[in-house]
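The values are calculated or read from the model by the stated rules, or taken from the named source; none is laboratory data. Nothing here was measured: the structure is a model prediction, and the numbers come from that model. For neighbour counting, all protein chains shown are included, and Cβ atoms are generated from backbone atoms with ideal geometry for every residue, glycine included. Remember, those area values only see protein heavy atoms, side chains included, never the ligands or the DNA or RNA. Shrake-Rupley method; radii C 1.70, N 1.55, O 1.52, S 1.80 Å.
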Amino acid sequence: AHLINRGARHRIVFPSLRLLAPTKADHSHLHRPRRWLLLLLRSLAVILLVLMFAQPIWQVKAPEAASPDQPAAVVLLADVSASTDQRPGGVAAMSALRAAAARILRELVSGRDRANLILAGARAEPQFPALTANLAAILQALESVTPTSARADMEGAIAVAGQQLAAHKGVRHLVILTDRQRTNWEELGWKASALPPDVHITCVPIA
């Protein structure tokens, strides 16, 4: 349609040809770029229409599945804010948190898998400076965890977890143990952006 609609040529006889050559030159210099620009814009419009109806989805290549023998890295992020001192149903939330964390640690393979415990209180407090294969030491540190009187620093805790998990080559998990206090988790979406993209995130609610 673009090529057909180039317009018909009309021969015009001038009584004098003195100004015809300069006029034709000026017209050609202006018309050719404009014609190509019009073709580009029309082609772009057609491409956008096709994309609009096709609704393509660009998918990121999924990471390859890890071998069962490959060591896993697990960071337990424990919410120790003031709300975990409550006793819903007569059971202390902190006691339920410790029990859930201990179950997860016992599922790991000692000496192969690596883990760490990060307490989210007024500030992020990793119990070990880096991921460790000494799961018994993490279980022992878990026994002394108590609620604090502060609001949980989730942003800092997730940032620390992301730094530690980024150093591990293999399967990476972040397990969040929390009573889901809204003031602590309402901004979790953008806070989780501090994590490596292939980290598996599991939220274990403490009721």
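Annotation: peptides 125-132, 92-99, ranked by per-residue average of other Cβ atoms within 10 Å with the highest first, follow the order 92-99, 125-132.
Database remark: amide H of ILE176 closer than 5 angstrom to the amide H of LEU77, THR202, CYS203, VAL204 (H placed geometrically; neighbours at sequence offset of 5 or more, or on other chains; Pro and chain starts carry no H).
Computed with a 1.4 Å probe over protein heavy atoms only, the accessible area of GLU107 comes to about 150 Å². In this structure, the amide hydrogen of ASP113, modeled 1.01 Å from its nitrogen in the peptide plane, lies closer than 5 angstrom to those of ALA72, counting only residues at least 5 positions away or on a different chain.
Sorting 39-45, 160-166, 135-141, 51-57 by their mean Cβ neighbour count within 10 Å, with the most densely packed peptide first, gives 160-166, 135-141, 39-45, 51-57.
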